[in-house]
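Quick notes on the structure that follows.
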Amino acid sequence: MRRKDREITDPVQIHSIIESCFCCRVGFYDGAQVYIVPLNFGFVRKQGHYTFYFHGAKEGRKIECIKNCASVGFELDDGGRLVESETACGCSTQFRSIIGNGIPGFVTDPSEKLEGLRAIMEHTTGKNDWSFDDAALQAVCIFKIEVTEISCKEHDTGKGQ
């Protein structure tokens with residue numbers, strides 16, 4: 001990371017930033033083009049390792065990319081906030097963001113599928129008491145990213161530039 005003064009390395013802060021993000025943008029390379037998809041997500045952290053979970057249809061370009069990509073990139077951010085100035089070059093943005101890489105894969109094990117769906121619902125709604133019937137579990141495609149690399153950055157304009 002070029003701007004080490006903005007790097008966040010504290011695992012508690014990184015976890016807090018992930019929790020605050022609503023959308024995970026996943027970048028695939030389909031052999032000809034880069035394909036970036038904004039997705040709702042949930043996550044699980046075990047022994048310091050993150051797994052991000054996603055849901056969707058069982059067919060389409062994203063599914064073909066998951067089948068054929070050995071690695072993906074992802075990005076999360078808290079939306080940022082413009083910090084205005086009297087001069088154009090004095091304007092700035094306050095933000096917190098995360099980028100990383102990981103290994104995509106489909107979730108087929110019923111217990112992990114349930115874990116993934118619960119993680120998604122808890123992250124998006126704040127509730128963790130969801131139940132899913134077998135038909136719902138069969139109908140939805142759950143895929144995951146096993147995070148292999150993650151970096152976090154914050155620009156708090158209150159701290160100076």
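The values are calculated or read from the model by the stated rules, or taken from the named source; none is laboratory data. The structure presented is a predicted model; accordingly, all values stated were derived computationally and were not measured. Neighbour counts are summed over all protein chains in view; Cβ atoms, including those assigned to glycine, are modelled from backbone coordinates with ideal geometry. The area values use the complete protein model at the heavy-atom level, side chains included, leaving out ligands, DNA and RNA. Shrake-Rupley method; radii C 1.70, N 1.55, O 1.52, S 1.80 Å.
Points worth noting:
- Pair list, Cβ < 9 Å and 6+ apart or interchain, from the stretch 9-27 residues that are in a helix (DSSP H, G or I) and polar (S, T, N, Q) to residues that are surrounded by 13 or more Cβ atoms within 10 Å (Cβ to Cβ) and at pLDDT below 90: GLN13/ARG96; GLN13/CYS152; GLN13/GLU154; SER16/ARG96; SER20/ASP78; SER20/ARG96
- For the stretch 31-41, filtering for residues that are open to solvent by 80 Å² or more (accessible area, probe 1.4 Å) and in a strand (DSSP E or B) leaves 3.
- Of note, VAL44 satisfies the criterion of being within 17 Å of the chain's Cα centre (by Cα), within 18 Å of THR148 (Cβ to Cβ), assigned to a strand (DSSP E or B) and aliphatic (A, V, I, L, M).
- Of note, LYS4 does not satisfy the criterion of being among the charged types (D, E, K, R) and either at pLDDT 85 or above or surrounded by 11 or more Cβ atoms within 10 Å (Cβ to Cβ) (or both).
- Elements of type strands (runs of 3 or more DSSP E) contained in the stretch 78-161, each with 3 or more residues being at pLDDT below 75 and over 24 Å from GLN47 (Cβ atoms): 81-83, 92-106
- Some residue of the stretch 50-66 being touching a residue at least 40 places away in the same chain (Cβ under 8 Å), closer than 17 Å to ARG96 by Cβ and part of a loop (DSSP other than H, G, I, E, B): no
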